């Protein structure tokens, strides 16, 4: 245990702040009330995957230590999921299996969102949001999915416009979801 404490990342405070920004974005009531995200563990997990993808994409585009922070943010995300599962009462033997499944889900979603965000049109993004965030309950052409896609693009733009030093200090300026018409 002592070795774990000595090996803590020098960037831990920054990663904790970035994680806090992502969690604050996930907790926006408008995402659930207005944009059709289910207010459940699964719905919140999907938003966590989405917002962490946006933050990691932006950090990866920065000079060092941006990519390193992106990896540390991902590692920290999985540590917190491990803690959350244990707090929810998942047994010690089951946690690694659950984390493996959650990690595969997050990384799969990152690939899908990354590919969709790399395109000029939002068809693939809306499809990915409908499939993942809305669990196919809301279709890709429905108004809530269209607004969610606009919010994702606005978030990507806000992160892109943020000064590099702010991001490297742990600030992730996700916009207010209630402002998306």
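Annotations
- Scanning the stretch 87-103 for residues being surrounded by fewer than 13 Cβ atoms within 10 Å (Cβ to Cβ) and either within 20 Å of residue 40 (Cα to Cα) or touching a helix residue (DSSP H, G or I) at 6+ places or on another chain (Cβ under 9 Å) (or both) gives a total of 7.
- If you go through the stretch 144-181 and keep only what is closer than 16 Å to residue 33 by Cβ, over 17 Å from the mean Cα position of the chain (by Cα) and not in a helix (DSSP H, G or I), you end up with 180, 181.
- Each residue in the stretch 25-84 was checked for being in a helix (DSSP H, G or I), touching a residue at least 40 places away in the same chain (Cβ under 8 Å) and under 17 Å from residue 157 (Cα atoms), and 11 of them qualify.
- Residue within the stretch 138-151 that is crowded, with 17+ Cβ neighbours inside 10 Å, closer than 14 Å to residue 58 by Cα and in contact with a helix residue (DSSP H, G or I) (Cβ under 7 Å, 6 or more places away or on another chain) present: no
- Of all the numbered requirements in (1) touching a helix residue (DSSP H, G or I) at 6+ places or on another chain (Cβ under 7 Å); (2) crowded, with 16+ Cβ neighbours inside 10 Å; (3) without any contact (Cβ under 8 Å) to a residue 40 or more places away in the chain, residue 154 misses one, and that requirement is (1).
Read-outs: derived from the displayed coordinates by stated rules, not from any lab. Computed from a predicted model, the values in this text were never measured in an experiment. Heads up, the Cβs are rebuilt from the backbone with ideal geometry, glycines too, and the neighbour counts pull from every protein chain shown.
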